[in-house]
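The values are calculated or read from the model by the stated rules, or taken from the named source; none is laboratory data. Since we're looking at a predicted model, the values are computed, not measured. Quick reminder, even Gly has a Cβ in these numbers, built from the backbone with ideal geometry, and neighbours come from all protein chains shown. Just so you know, the surface numbers come from the protein's heavy atoms only, side chains and all, with ligands and any DNA or RNA stripped out. Shrake-Rupley method; radii C 1.70, N 1.55, O 1.52, S 1.80 Å.
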Amino acid sequence: MNKEAFNPFRMAQTQFDHVADILELNEPTRDLLRNPMREYHFNIPIRMDDGTSKVFRGFRVQHNDARGPCKGVIRFHPQETIDTVRALSMWMTWKCAVVDIPLGGGKGGVICDPHNLSAREQEQICRGWVRQLARVVGPLADVPAPDVMTSAQHMLWMLDEYEHIYGNKFPGFITGKPVGMGGSLGRTEATGFGVVYTLREALKQLNIKPEDMLASVQGFGNVAQYAIRLYSQLGGTVICVSCWDQNDQTSYSFKKKDGIDLDALLKITDRFGGIDKDKAKDMGYEILPGDAWIEQEVDILIPAALENQITVETAQKMSPRVKVIAEGANGPTTPEADKIIAERNIFLIPDFLANAGGVTCSYFEQVQSNMNYYWEKDEVLGKLDVKMTSAFLAVSDMARKRKLYMRDAAYVISVARVAQACSDRGWV
Ligand code: NAD
């Protein structure tokens, strides 16, 4: 995919500046909110299985904690950059505020590729990351969680290291833990289901029924799989998904005109969300180029893979039939592409609203860990639905009343809440 010159942090700042103008924020508040409060950059030296040593680069960025402890994922990725981490920490601040949970925004990363690392080597990276940060993270300061290529197992290694350092139990230090080890039921489903709770509300407002709608999804990992599951349960049909192919080092789209079979595809999908294209072909799927997911004749697009995927170039390939875009991924749309979406009057559910189900359920996990009492899955998902629905309604209401693009409306709500907290604390 050809990309516009792209820096996710510049994009996050551009979006913020636009909203700061709408809200007429004063200069000190702008200065405070357009940059992270704190950043940590460090090396993680580990002993590899073959006896050699290798040094990995790690980050933690704490964007803002005026509304509560920082909350944010840690991503393992070979192309991780500090500006990606900065952008995602800022988006976390807005995400926690838009769903009105008492947390701030943070984000971490390690430049590494788990595809090429043994479980033991990954454990060493997790433990090394915590050793570097133990003094500045914690249940009341900054609470990490899993993301791209990190899992419940990684979180448990990190928790274990933290508890080892402090000599006590702190289940509230980290979320996304395995169920039975302080994790919450429903966390695995939470982000994908949350995307569809908001999509369901959008369709109600547009007066269209899910069973009449075709969708195309970019990605086939955690978020995409559960979004497809719930969307199908509502009666909708997904005709195309795309994913990264590790062997060919490129992405492909997988299409079936009458609808993909989620369970059958899951049987030929690896743990990184990569579909076996030869087996998919045998099952009757058309194998198309990576960008084909966005060109499909569908009503709904769900980007749920990576940032910077809907650009001016790819947005122009969208079918005139597209009515709704629900952003499962963080930062999938560039500001220039936003203009095209707005002009075409496509109903956008912006990333930090649509995919806030994960952090909302992480917050539920913290609450349960602190109480040491765990809810049934239905209770978790019921509470999640209530939170996501009321956040969606608040944003769509704001968009209607102030005639704002949905992304701007979500920003106006969340930036105003964070600015208010900074002002109430006497910071600005
Ligand atoms: P994942 O690692 O489980 O899956 C990622 C999927 O994207 C895989 O199927 C992979 O093959 C695919 N992919 C990677 N590069 C691609 C490309 N160039 N073209 C097409 N497909 C590609 O990750 P996930 O947890 O599902 O997260 C997906 C997105 O959602 C990320 O942007 C993440 O930051 C965001 N997100 C995740 C959560 C969560 O709880 N998991 C919460 C909020 C936001």
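Kindly indicate the residue of the stretch 44-62 that is under 21 Å from HIS154 (Cα atoms) and without any contact (Cβ under 8 Å) to a residue 60 or more places away in the chain and also farthest from the ligand (Cβ to nearest atom) among those meeting that condition. Here the residue is SER53.
Let's see how each residue does on (1) within 16 Å of the ligand (Cβ to nearest atom); (2) of a type in the set (Lys, Arg):
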residue	(1), (2)
LEU199	yes, no
ILE208	no, no
LEU214	no, no
GLN225	yes, no
ARG229	yes, yes
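Using the structure shown, decide if ALA409 is open to solvent by less than 10 Å² (accessible area, probe 1.4 Å), farther than 21 Å from GLU307 by Cα and in contact with a Ser or Thr (Cβ under 9 Å, 6 or more places away or on another chain). No; evaluated as a whole, the condition is false for this residue. So, of the residues in the stretch 141-173 that are open to solvent by 20 Å² or more (accessible area, probe 1.4 Å) and among the β-branched types (Val, Ile, Thr), which turns out to be farthest from the ligand (Cβ to nearest atom)? In this case the residue turns out to be ILE165. Of the residues in the stretch 361-372, not one is under 13 Å from GLY183 (Cα atoms), assigned to a loop (DSSP other than H, G, I, E, B) and in contact with a Leu (Cβ under 8 Å, 6 or more places away or on another chain). Suppose we keep only residues that are open to solvent by 10 Å² or more (accessible area, probe 1.4 Å) and either touching a helix residue (DSSP H, G or I) at 6+ places or on another chain (Cβ under 7 Å) or within 11 Å of the ligand (Cβ to nearest atom) (or both) within the stretch 63-77. Which one would you say is modelled with the highest pLDDT? Among them, the one singled out is ARG67.
Any idea how many residues of the stretch 201-225 are within 13 Å of THR269 (Cβ to Cβ), modelled with pLDDT of 95 or more and open to solvent by 30 Å² or more (accessible area, probe 1.4 Å)? The qualifying residues number 1. Restricting to the stretch 50-76, name every residue that is part of a strand (DSSP E or B) and more than 22 Å from VAL98 (Cβ to Cβ). Those that are part of a strand (DSSP E or B) and more than 22 Å from VAL98 (Cβ to Cβ): SER53, LYS54, VAL55, PHE56, ARG57, GLY58, PHE59, ARG60, PHE76. Can you confirm whether the stretch 22-34 contains a residue that is buried (at least 21 other Cβ atoms within 10 Å of the Cβ) and more than 26 Å from the chain's Cα centre (by Cα)? Within the stretch 22-34 (the criterion being buried (at least 21 other Cβ atoms within 10 Å of the Cβ) and more than 26 Å from the chain's Cα centre (by Cα)), the answer is yes, since at least one residue qualifies.
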